[in-house]
Amino acid sequence: MTIRTTLGILTLAAASALTACKQEIHPRDHNGLQLSYLCDGSLATAYGEELLEREDCGSGKMVIPTARLEDVPRFASPYALCETPVEAQTADERFDCFERRFWDAYSDGRRQVRQDALRYMSSLIQLAEAGNDGTPEYVQKLSRLYQLRGMFYMAMGIENGALQYVLFNRLFSGRDFARVAQLEPGNFVASSFNVTMDMANLRVFGKHAQAQELARQAVLTAWHAGTPDVIEPINVGSMFAVSGVTMHYPLQSGVPALTLEATLAVGCIPEVTFCLENTPHAPFARPGLEYHLAELYARLGMRDEYIQQLEVVAQQPGYAEWAWHDMVELQRADPDRLLQKFASYGDDQYSEGYATRNMGCVFCHGRI
């Protein structure tokens, strides 16, 4: 029995338990046609089909992601971890060992592995701070440690059920991204990740006008960051950092439409390796990022573009081995299912998709 099949069985069991506590709502459009499949318990795969249903069961309430199902990654890590005790490492070794441990645990995805890595990385940051010699090269490397740990806190909060990193993000990822801003002003990627948490906080407290304005500014900043009128790697990275969230704002806010305009304008450029191929850092970047655009088309109800983009996803290297292969195949066979889900939100509700659920990071970066 494969890992995917085993997890599928576990997911079905979990789904049955969850749906027993949820009201099954099947909203219909003005013609009486069913808009989406909500809380029907028909989850066929571990990592996929639940994205085709509304987790809020049609209530419109904000849902904090639950910890995702975990198992040993199907693919081996390409990162050899350092064996030298942190206190005995040189400054360069610490930067290198931090990167290795970060990417190993980030792509592994399991909570315990990530917790162990977080303790290790935090000890390296303390030592790196103590050894800061103030040179531009050192400061930039130190900034990267904080950027990666901030991303790590976000991943654990969204994917592993470590809700303290979401509910009190200002004490964790927010603090790390603030340190990045001190060390490396103008780091738009770190600030883009940080602003997604600020948007979430505003939404939690019902400050929707402010959240939508912040979302618009985040998209425009990602679009126009760096050299004016030139698309650079900074634009690509920043756009992917924010668009997975901003595409799910209410349609009437105009934010999803602006997100599509900016996403198409920025595109993916040859100077960014993951725009061309899967990488050790993102072993499923190609199918994941192409699906990102497909979901954006579906969110805006652009049926023809969505269907065409699904075919692009299916042609990407690694697609057959990707954990979300089955989910995309379901959509290729029945494209109206996701379109109906998004239609059920109407014009005034926030929607949700892969980037706002418990697989937002491992979708591209996971070895699962």
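No value in this document is a laboratory result; all are computed from the given coordinates. All figures in this text were calculated on a predicted structure; none of them were measured in a lab. Note: ideal-geometry Cβ built from the backbone for every residue, glycine included; neighbour counts use all protein chains shown.
Some observations on this one:
- For the range 229-368: rounded, prolate or oblate by the Cα gyration tensor [a/c cutoff 1.5]: oblate
- Computed over the range 270-312, Cα set: Rg, Dmax in Å: 11.6, 34
- Comparing 270, 73, 85 in a Gaussian network model of the chain, where Cα atoms under 10 Å apart are tied by springs, the biggest mean-square fluctuation is seen for 85.
- Label-point separation, residue 77 to residue 312 (7 Å along Cα→Cβ), nm: 3.4 nm
- Between residue 167 and residue 69, the modelled label-to-label distance comes to 2.7 nm, taking each label 7 Å out from Cα in the direction of the beta carbon.
- Potential lengthening between residue 208 and residue 302 on full extension [0.36 nm per residue; Cα-Cα distance subtracted]: 31.3 nm
- Prolate/oblate/rounded label for the range 81-194 (Cα gyration tensor, a/c 1.5): oblate
- Here the spin labels are modelled as points 7 Å beyond Cα on the Cα-Cβ line, and at residue 230 and residue 116 they lie 4.5 nm apart.
- With the cut-off at under 12 Å, measuring from each backbone N in the range 218-235 to a point 7 Å along the Cα-to-Cβ line of residue 269 picks out 223-235.
- The distance linking the range 283-302 with the range 106-180 is 28 Å (Cα centroid to Cα centroid, whole angstrom).
- The residue among 280, 224, 165 whose Cα reaches farthest toward the positive pole of the charge dipole of the chain, with charges on the beta-carbon of Lys, Arg, Asp and Glu, is 165.
- Charged-residue dipole, Cβ positions (Lys, Arg, Asp, Glu), the range 113-180 about Cα centre, Debye nearest 20: 140 debye
- Entry note: the chain has Rg to Rh equal to 0.96, where both radii use alpha-carbon atoms and Rh is the Kirkwood radius.
- Percent breakdown of C-alpha pair distances by 10 Å bin, ordered from the shortest bin, for the range 197-287: 17, 43, 30, 10, 0
- For the range 178-221, the calculated P(r) over all alpha carbon pairs, in 10 Å bins from 0 to the bin holding the longest distance, is 29, 47, 23, 1 percent.
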